[in-house]
Amino acid sequence: MLFIDRFEAGRRLAAKLAHLRGRQAVVLALPRGGVPVGYEIARALDAPLDLVLVRKIGAPGQAELAIGAVAEGAPPEMVAEGRLIAALAVPADYLEAAQSRALDEIRRRRAVYLRGRARAPLRGRVAILVDDGIATGATMLAALRAVRRQGPQRLVLAVPVAAPESLRRLGREADETVCLQTPLEFASVGQFYHAFPQLSDREVTDLLDRAAGFGGGPVPEVAP
């Protein structure tokens, strides 16, 4: 299965989540790529759209190889791939510096994306955590744990495509998992999309603004 783009993937995924309409759901997207997917789900369910800010920590000299991740929170949620860190002999000072940079970027994105926007409360509600796909799963693991700490009544993981082993691991952290496909040959998330452009910060904020009225969701307090 190939998706035309992230919006089309979101519409397909929304059809599998229709049972959650009217269940006080909140859609939580991982920026940037998860936001178009989450937008379509939030629109279909008439649910608020919000973000979970999380950053991957890449290996030394291999930025795309995730050795951990950091998600926003008080305190932040840290995930480390211990076996991979040991196999690569990653120094402790590298990890400390990488985590610091990740938190700096999370703070920057919070200021750019949210701009004083009221956050959707999660306690006692159905939290639907969304991305455009899952490869290694480190960032999603950090996001799931950060959301769980906020006390949702039910935590749902929803993605169009995922590597099978990663989805099995992440499924243990969620109450429900919805995934359209789990191909055995998985090189990257982008291989399953005809169009897979990098989103800009402005595209993220535009989608959040367009979704502001969904489900009585968060409304910007500062004009765009």
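Quick look at the values:
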read-out	value
Burial order of peptide ranges 149-161, 185-197 (average beta-carbon count within 10 Å, highest first)	149-161, 185-197
Helix 34-45 vs. the chain, principal-axis angle (Cα, 0 to 90°, nearest 10)	30
Paramagnetic reach from R123 in segment 150-189 [backbone N under 18 Å; point 7 Å along Cα→Cβ]	150-155
Within segment 30-168, percent of DSSP bridges classed antiparallel, to nearest 5	60
Alpha carbon centroid spacing (whole Å) that separates segment 144-217 from segment 8-52	9
Segment R107-R154, extension gain: residue separation times 0.36 nm, minus the distance between their alpha carbons	14.2 nm
The chain - Rg and Dmax from Cα coordinates, angstrom	16.6, 49
Net lengthening on full extension, S200/A87 (0.36 nm per residue, minus Cα-Cα)	37.2 nm
Inter-site label distance for R169 and A212 at 7 Å from Cα along Cβ, in nm	3.9
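Rule-based calculations on the coordinates, nothing more; no lab input. Keep in mind the model is a prediction, meaning the values are calculated, not measured. Please note: Cβ atoms are built from the backbone with ideal geometry, for glycine as well, and neighbour counts cover all protein chains shown.
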